[in-house]
Amino acid sequence: MAQESKVHILWLPAAGDSGCSISMLQAASPDLADAVTDLKLAIDFWQPVMTPDYDLGWVSAGYTSEDRSQVPLMRAAFDDSPVDVLIVEGSIQTGTPKGGRMGDYCTIGEYGGKPRSALELLGKLASKASYVVALGQCAAFGGIPAATGNLTQATSVVNALQTVGVSTKNPVINMPGCPAHPDWTLVTLASILQGYAPDLDSKGRPRAFFERTIHDSCPRRGHYDKGEFAAAFDEPGCLWKLGCKGPITYAACALTKWNNGLGFCTQGGPMCWGCMHESFPDSPTSPFFKEVESVPTLLGLDANTVAGIMAAGTVVGLSAHAISSHYRNKKAVEEEAKAH
């Protein structure tokens, strides 16, 4: 089915742990398999799920070992294979190791008898892709590889592209998180593939999922408004004084939740780690168990307002569902629009 599809996606791995790939496999709204078939996606290269046991196009072309599985990637970067959407997972290491070239801290396969770095491949693929998605904290903001120390000069996709002087056809879409939320990612992909440009904030994030802090809609918010702070994680109360980073982290975790809407960090017991904050894991998201010293002015809410917030969350969830279902009914929507 992928060979017959028209939307070509390449998934470029860089300095990361494949956590966002694992997260994507757990997508629920929409389901990843539904998204692939309904959106007619041809995932030409996605290394963590490509093995010689599965024919994803490159096996039938005669490449039958994992060492050669980069062939579709190289064809897209150096030949004329199409790239509609480039998804980058992991930060881009721009440093120059001793005796090597810029970017050689991370190489992915070979082409023309030479090892090719993630930095070089990013530049070539991003320049021809219709859309570039920096998926996960590492790709969006640098993440753990770019934390204090950073001997390899790991950085975000946007910064790496600026370093090599490559521009993109559309603004890079940042989907931060460690890992990135799979449903938010697929809803965003569904939107752009239908021609709807996402409303991005100043940090390149879709506003639909990064407009409010986690603290605003946290189920423990009522405790904060009453000045009830937990002294231990197994106690009721706001977790702010235990180091919760919800007041400084913008994300819709408390509204859409994770694992098909089952829950999220502060609801499950631990605090918010701030994994979607642009500085994670450096200050102010660390030290992890230290109270945030300063936060933006917080809107005053009483405990009774929490119910209203959760109701708003339901509206957001319904809106997200409507967007994710839109591509199934595109023709009907267009006909209705013409009627009006």
*Which of the residues that make up the range 281-311 are under 21 Å from ALA208 (Cα atoms) and either at pLDDT 90 or above or not in a loop (DSSP other than H, G, I, E, B) (or both)?*
VAL306, ALA307, GLY308, ILE309, MET310, ALA311
*Would you check which residues across the range 48-61 are modelled with pLDDT under 55 and loosely packed, with under 15 Cβ neighbours inside 10 Å and list them?*
PRO52, ASP53, TYR54, ASP55
*For ILE192, indicate whether it is surrounded by fewer than 22 Cβ atoms within 10 Å (Cβ to Cβ), touching a strand residue (DSSP E or B) at 6+ places or on another chain (Cβ under 6 Å) and not assigned by TED's automatic domain parsing to the domain that holds HIS277.*
yes
*Report yes if PRO198 is at pLDDT below 95, touching a strand residue (DSSP E or B) at 6+ places or on another chain (Cβ under 7 Å) and either farther than 30 Å from GLY103 by Cα or among the acidic types (Asp, Glu) (or both), otherwise no.*
yes
_Positions within the range 3-45 being touching a helix residue (DSSP H, G or I) at 6+ places or on another chain (Cβ under 7 Å) and polar (S, T, N, Q), in sequence order_ = SER18, SER21, SER23, GLN26, SER29
*Can you spot a residue in the range 63-79 that is out of contact with any strand residue (DSSP E or B) (no Cβ under 9 Å at 6 or more places or on another chain) and either modelled with pLDDT of 80 or more or crowded, with 17+ Cβ neighbours inside 10 Å (or both)?*
yes
*Tell me the helices (runs of 4 or more DSSP H) entirely within the range 128-215 that contain at least 3 residues that are in contact (Cβ under 8 Å) with a residue 60 or more places away in the chain.*
137-141, 157-163, 182-193
_Members of the range 29-48 found to be hydrophobic (A, V, I, L, M, F, W, C), assigned to a helix (DSSP H, G or I) and closer than 16 Å to VAL85 by Cβ, listed by number_ = LEU32, ALA35, VAL36
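Looking only at the range 98-109, count every residue that is of a type outside the set (A, V, I, L, M, F, W, C) and either touching a residue at least 24 places away in the same chain (Cβ under 8 Å) or outside the structural domain of LEU73 (by TED's automatic domain parsing) (or both) and tell me the total.
Of the residues in the range 98-109, 2 are of a type outside the set (A, V, I, L, M, F, W, C) and either touching a residue at least 24 places away in the same chain (Cβ under 8 Å) or outside the structural domain of LEU73 (by TED's automatic domain parsing) (or both).
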*How about the range 216-231: which of its residues are touching a residue at least 24 places away in the same chain (Cβ under 8 Å) and out of contact with any strand residue (DSSP E or B) (no Cβ under 6 Å at 6 or more places or on another chain)?*
ASP216, SER217, CYS218, PRO219, ARG221, GLY222, ASP225, LYS226
*Do we have THR168 as crowded, with 22+ Cβ neighbours inside 10 Å and of a type in the set (Ser, Thr, Tyr) here?*
no
*Failed item in (1) surrounded by 19 or more Cβ atoms within 10 Å (Cβ to Cβ); (2) of a type outside the set (Ser, Thr, Tyr); (3) in a helix (DSSP H, G or I), with ILE108 passing the rest*: (3)
*Failed criterion for GLY109 (all others in (1) out of contact with any strand residue (DSSP E or B) (no Cβ under 8 Å at 6 or more places or on another chain); (2) at pLDDT below 95; (3) of a type in the set (Gly, Ala, Ser) hold)*: (1)
*How about the range 218-253: which of its residues are assigned to a strand (DSSP E or B) and over 18 Å from the mean Cα position of the chain (by Cα)?*
PHE229, CYS238
*Being among the aliphatic types (A, V, I, L, M) and within 18 Å of the chain's Cα centre (by Cα) is the filter here, so list the residues in the range 254-287 that pass it.*
ALA254, LEU255, MET276
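The values are calculated or read from the model by the stated rules, or taken from the named source; none is laboratory data. The shown structure was predicted, so the numbers you read here are calculated from the model rather than taken from an experiment. All Cβ positions, glycine included, derive from the backbone under ideal geometry; neighbour counts span all protein chains shown.
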